[in-house]
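The values are calculated or read from the model by the stated rules, or taken from the named source; none is laboratory data. From a predicted model like this one, the values you see are computed outputs, not experimental measurements. So basically every Cβ, Gly included, is an ideal-geometry build from the backbone, and we count neighbours across all protein chains shown. Calculation scope for accessible area: heavy atoms of the full protein, side chains included, ligands and nucleic acids excluded. Shrake-Rupley method; radii C 1.70, N 1.55, O 1.52, S 1.80 Å.
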Amino acid sequence: MKYSRVYIDAIGYELAPVVVTSTELEDRLKPLYQALRIPQGQLEALTGIVERRWWDVGQALSEGAVAAARKALAASAVRLEDVDVLIYAGVCREQFEPATACHVAAGLGIGEQASVYDVSNACLGVLNGMVDIANRIELGQIRAGLVVSCETAREIIDTVIDKLLREGDMELFKNSLATLTGGSGAAAVLLTDGTFAAERRRRLLGGVAQSAPQFYGLCRWGIETIIPSSVRQFMTTDSVSVLKHGVTLGLRTWSAFLTRIGWVKEQMDKVICHQVGLGHRDMILKTLGIPEEKDFSTYEYLGNMGTVSLPLTAALAEEREFLLPGDRVGFLGIGSGLNCLMLGIEW
């Protein structure tokens, strides 16, 4: 992927209102901790996550996505009638059908001329949606498109805690650790051909995608049948193997990315990574040879928000003047599957 006429016009986000600390989750797991002799504080120590946020009970995913999209549009000269594509890219959806994007488009009042659909690729969904819109812009098919996502972690974490208290052993706890890092939030990325703004900023230069689909079974989130008439959500992650093979895939993608963009790693001013946790961040930065001061993280207080994590982190990094005009910025995304996608932006 290489682009000559694609810009990130604005990024909007919505923080979930309910703060949930790792200590609170461990208090709920106290019987399991006592039975397995797990010391208090392990969740924060192992993941680096102090707290995460959840939506209020019953809030629709489309509400968060609409709120984030309105903020992105408010920061831009793009009007609703200018949006030719709206993609919903979250892991979490409201139903199997219709596309959650339809509910978001209706909530925003997107015009009838727009293409409206969902994209799904684990934690890479928003980046994949950005590429889809960038391709359309580069081909001259559209001038502006919007990628939105809203993730919720409350329901799956409640389900996993109930299962740990009923059936918990050390193996189940290890495979559930990644689930307990989950946070909630919403983000929207508005991409244009640059003709809407007086000053063209955040030019998307291109990127590279790589995959290792043989590891598709390492992280799974879905629906399981308990008894013939009852189903529930489940999530299980082999965190050690995901880290091992994910870092290998990341290194392979990084090498191809630098070649494609035409940068050497020393020219990279800043990076925004998918926010998994302490172990993943430290390992990926070390393996890619990126100094820690070039990275901006939010996992400590927002947890892993899936598709929302990277764009929301980028928006906060800009607000706090970590990302500055002219910076060469790498968006380093990875998701279960395993898939990796890295994008280069001239901020």
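For the stretch 331-347, putting each phi into the Karplus relation 6.51 cos²θ - 1.76 cosθ + 1.60 with θ = phi - 60° gives couplings of 8, 10, x, 8, x, 4, x, 8, 9, 9, 9, 10, 10, x, 10, 8, 5 Hz, in residue order, rounded to whole numbers and with x for Gly and Pro. Proximity of backbone amide H atoms, modeled 1.01 Å from N, is registered between Leu205 and Gly344, Ile345, Glu346 at under 5 Å, excluding neighbours fewer than 5 places apart on the same chain. Backbone N atoms of the stretch 196-230 closer than 16 Å to the 7 Å Cα→Cβ label point of Arg260 belong to residues 204-213.
Which net charge results for the neighbourhood of Cys92, defined as the other residues with beta-carbon distances under 12 angstrom from its beta-carbon, given Lys and Arg at +1 and Asp and Glu at -1? Please report the intermediate quantities before stating the final value.
Working: positive: Arg93, Arg154; negative: Glu94, Asp118, Glu151, Glu155.
Taking every Cβ under 12 Å from that of Cys92, the sum is -2.
Place a label point 7 angstrom from the Cα of His245 along the Cα-to-Cβ direction, then list the residues of the stretch 303-347 whose backbone nitrogen is under 17 Å away. Of the residues in the stretch 303-347, 334-341 have backbone N under 17 Å from the label point off His245. A simple rule links phi to the HN-Hα coupling: the Karplus curve 6.51 cos²θ - 1.76 cosθ + 1.60 with θ = phi - 60°, which for the stretch 206-214 gives x, x, 9, 10, 9, 9, 9, x, 5 Hz, with x for Gly and Pro.
Its residue count N fixes a reference of 2.2 N^0.38 Å for the stretch 1-83, and the Cα radius of gyration divided by that reference is 1.71. Against the criterion of solvent-accessible heavy-atom surface with a 1.4 angstrom probe, Arg5, Arg232 sort, most first, into Arg5, Arg232. Each residue of the stretch 297-311 was assigned a 3J(HN,Hα) from its phi angle through the Karplus expression (A = 6.51, B = -1.76, C = 1.60, θ = phi - 60°), giving 10, 10, 4, 4, 10, 10, x, 9, 9, x, 4, 7, 4, 5, x Hz with x at Gly and Pro. Looking at the stretch 136-227, the chymotrypsin sites (Phe, Trp or Tyr not before Pro) that sit in a DSSP loop and have at most 15 other Cβ atoms within 10 Å of their own Cβ are Tyr216.
Computed over the alpha-carbon pairs of the stretch 295-337, the distance histogram in 10 Å steps reads 25, 56, 17, 1 percent, short to long.
Counting only other residues whose beta carbon sits under 12 Å from that of Glu112, what net charge do I get with K and R as +1, D and E as -1?
Numbers: positive: none; negative: Glu81, Asp84.
Computed value for this residue: -2.
For the chain, the 222 nm mean residue ellipticity estimated from helices alone, with every DSSP H stretch of n ≥ 4 adding -39500 (n - 2.57) and the total spread over all residues, rounds to -11000 deg cm²/dmol.
Which value, in debye to the nearest 20, describes the size of the charge dipole of the chain about its Cα centre when Lys and Arg Cβ atoms bear +1, Asp and Glu Cβ atoms bear -1, and nothing else is charged? Display every interim value, and only then the final one.
On the way: 33 positive and 41 negative charges, 156 e Å.
So the dipole magnitude of the chain works out to roughly 760 debye.
Per residue, the stretch 199-268 exposes 59 Å² of accessible surface when a 1.4 Å probe is rolled over the protein heavy atoms with every protein chain present. List the residues, sorted by chain then number, that are 5 or more residues from Ala16 or on another chain and whose placed amide H is less than 5 Å from its amide H. Excluding prolines and chain starts, which carry no amide H, the hits are Ala186. Close amide H contacts of Asn304 (hydrogens built in the peptide plane, cut-off under 5 Å, sequence separation of 5 or more or a different chain): Gly182, Gly183. For the stretch 276-347, the spread of Cα positions along the three principal axes, ordered from largest to smallest, is 33, 25, 20 Å.
Computing percent of Cα pairs over 24 Å apart directly from the structure and comparing it against [x] 48; [y] 59; [z] 54 singles out [z]. The tail of the calculated P(r) for the stretch 46-108, taken as Cα-Cα distances beyond 20 Å, holds 39 percent of the pairs.
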